[in-house]
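The values are calculated or read from the model by the stated rules, or taken from the named source; none is laboratory data. As the structure is a computational prediction, the values presented were derived from the model and not from experiment. Virtual Cβ from ideal backbone geometry, glycine too; neighbours counted across all protein chains shown.
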Amino acid sequence: MEPPRCFALELPGCTLAHFAVGEQAPGARPDPRVAALLGPPGRSYSLSVPGAGGVGARVRAARLHQHLRQQLRRGPFQRCELRRLLGYCPDGGAGALQHGFLLRDPRDSPDTRQALLALLDACPEAPRPLLAEFSRDPLCQLWQRAWERRDGRGWQQLGGERVGPAPEPALHPVVPDLPSSGVFPHREAARAVLEACTSFIPEARDVLDLVDQCPEQVQKGRFPVIVIEGLDATGKTTVTQSVSDSLKAVLLKSPPSCISQWRKIFDDEPTIIRRAFYSLGNYIVASEIAKESTKSPVIVDRYWHSTATYAIATEVSGGLQHLPPVHHPIYQWPRDLLKPDLVLLLTVSPEERMQRIEGRGMEKTREEAELETNSIFRQKVEVCYQRMENPGCHVVDASPSREKVLQMVLSVIQNNCN
């Protein structure tokens, strides 16, 4: 018997509802929220990108997913509700995920169906998105019916499959996939992603050339290396400059200046590409750290922890309870990346951050905008920072005056670094 295909549907408040299509999952209880969203009144559709295999396929799938999200917010879809939908196998494992969307049309307009089929026609190259719609029979049983394009006969609906309850897995289904989709465990994993992008992002080749000039294994010098992390507007720029002046240290930033000119290009790409860019930036910075730490202390404005925390918070749907648990391997430092002596995490209250951001008036990245509008996302980023291990983060309250924060930071450095 073929196992059921399971889905995690993100609901308001960043909660998740799970359901299965096909054979019923044993031991699961019906979730009334699923019936309310998939059944009448109105009509719900699922649109998913098939699970990818190799790196090139993953990159193409991620870009297609991003393209679909953009299209589903335009035209006739604007009157519909759009929710995040993740397809997975109940036995877990990486590589079997289907990232997609649930589109709910409260009016059940035939124009919505036609617009979805037209959207699929505009995606002729593999992987073609998978479209299905939901209905309820007279016995109140939910069904899913897939659409398939048959040569010479256009789009046709296949036979229905039952929709039933599914238990919530112990681990969010996206977590096993993170090492190949955003939290890369070593340099080569991130490098392979940008290598797959060179045909449509010319700057990817420039980044790779710079990475390839860096030794694969570098050693830290005898002077301490301190990383300062934190959300934007927590005072990182001020603190890093003040600390480097006080310690007569070299100040480095990640991504480094040699690739930061292309940051906007990669920030507009899906997570897998964006995080590969930032990951490789960390390896370039590591080469600079190795050289500079033989001569003086080194202060680094962001490093691997920020790359990993934003990837986890972005890719793991739902709320804080759905994050990987404490001590999960995803929070461990990459085995081939130069490790700092100390990582400081600057924190301020959400209200203080908002006041500082409004005062700065600076252009925001997509993730910074998300931090402002989505308090759950901000909390997920903060919790991920605090769960990082080997090394972990020393939390510093950056709310007091600049002088007081500098004094606290220097005290922590003195107590932890020889």
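Quick notes on this one:
- Strands (runs of 3 or more DSSP E) wholly inside region 116-216 containing at least 1 residues that are on the phi > 0 side of the Ramachandran plot: 154-165
- Taking the criterion of being assigned to a strand (DSSP E or B) and surrounded by fewer than 19 Cβ atoms within 10 Å (Cβ to Cβ), the only residue of region 13-49 that qualifies is Thr15.
- Leu142 meets the conditions (1) buried (at least 17 other Cβ atoms within 10 Å of the Cβ); (2) within 30 Å of Thr307 (Cα to Cα); (3) touching a helix residue (DSSP H, G or I) at 6+ places or on another chain (Cβ under 6 Å) in every case but one. The failed one is (2).
- Filter result for Ala170 (under 30 Å from Phe134 (Cα atoms) and outside the structural domain of Ala62 (by TED's automatic domain parsing)): yes
- Taking every residue in region 229-255 that is assigned by TED's automatic domain parsing to the domain that holds Val300 and pairing it with any residue that is polar (S, T, N, Q) and part of a loop (DSSP other than H, G, I, E, B), at least 6 positions away or on another chain, the pairs with Cβ-Cβ distances below 7 Å are Lys248/Ser296; Ala249/Ser296; Val250/Ser296.
- Filter result for Gln70 (within 24 Å of the chain's Cα centre (by Cα), of a type outside the set (D, E, K, R) and modelled with pLDDT under 95): no
- Hey, Ser296 assigned to a helix (DSSP H, G or I) and of a type outside the set (Asp, Glu) or not: no
- Selected residue (criterion: farthest from Arg275 (Cα to Cα)) from residues of region 217-262 that are part of a loop (DSSP other than H, G, I, E, B) and aliphatic (A, V, I, L, M): Ala249
- Single residue of region 299-327 satisfying the filter (part of a helix (DSSP H, G or I) and over 13 Å from the mean Cα position of the chain (by Cα)) that is surrounded by the fewest Cβ atoms within 10 Å (Cβ to Cβ): Gln321
- A single entry from Gly164, Gly154, Gly159 fulfils the requirement of being of a type outside the set (Ser, Thr, Tyr) and buried (at least 17 other Cβ atoms within 10 Å of the Cβ): Gly164.
- Residue list for region 63-107, filter: surrounded by fewer than 15 Cβ atoms within 10 Å (Cβ to Cβ), in contact (Cβ under 8 Å) with a residue 40 or more places away in the chain and outside any helix (DSSP H, G or I): Asp91, Gly92, Gly93, Pro106, Arg107
- Just one of the listed residues (Ala118, Ala122, Ala132) is more than 21 Å from the chain's Cα centre (by Cα), crowded, with 18+ Cβ neighbours inside 10 Å and not aromatic (Phe, Trp, Tyr), and it is Ala132.
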